[in-house]
Amino acid sequence: MNSLQPPAVSPMLGWLLRMTIGGLLAWAFALVPVPDVWAVESTPAALSFTAVQGGPNPTSQVVTISKSTTRQVGWKAVDNAAWLSAAPASGTMTGSGQITVAVNTNGLAAGTYSGSLKVTLSKGGSLSIPVTLTVVSATSTKSVTTVTTATLSWMPNADSDLAGYKVYMGTSSGRYGTPVDVGNVTTYTATNLSAGTTYYFVVTAYDQNKNESLYSSEVSKSIY
């Protein structure tokens, strides 16, 4: 009885089959999606608060978190200190979002405290925002001259036609007086501030055609 034999395949046809299968596999692997992971950054990059022991809590500060894409992504913020809190603690954003950071000095002794706020995106990007709280002894504040100045500093604008910056100041959040044109510098000291008052500051940049940017994130300082 004759045994059945598989049909013969020419060497050229076998080579073509291998090439075709290899090409299909490579094409299939090329279709495997790569998950998006976005970097996140904050403005400002760090926060500092000052309070008098036994006195009122300092004014909360706003942090703007942002990423380079406009695709919606979830985020959450987690603090690592009992005296530190953030609201909201989570949310969604497209290009940017804002977090209000507050501190509670109740029961804290005089000294300097360090904490941080970790912001994590649902797609894997994260950052840590350092937070410093300085609690000044109530007795020591009575024996020293009241500081009536506030020094501001900010990151330089990278635009090639940058001409300078303007500093806005007010005694109510979001409401400012006539700006001070400080020129092309990245620091400014406000003087002759009144004791017992909280001051709020924002900075704008302007170009050589006097076009002015939007406000920066607001910062504040209480004068004791």
Added length on full extension, which subtracts the Cα-Cα distance from 0.36 nm per residue, Ala87 to Leu127
12.7 nm
For the ranges 185-198, 50-63, 106-119, what's the packing order if you count other beta-carbon atoms within 10 Å of each residue, average per peptide, and put the highest first?
50-63, 106-119, 185-198
Reachable lysines from Lys210, Cα under 24 Å, same-chain residues fewer than 8 places away excluded?
Lys166
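Every number in this text was worked out from the coordinates using simple rules, so none of it is lab data. Remember, predicted model here, so these are calculated numbers, not experimental data. Virtual Cβ from ideal backbone geometry, glycine too; neighbours counted across all protein chains shown.
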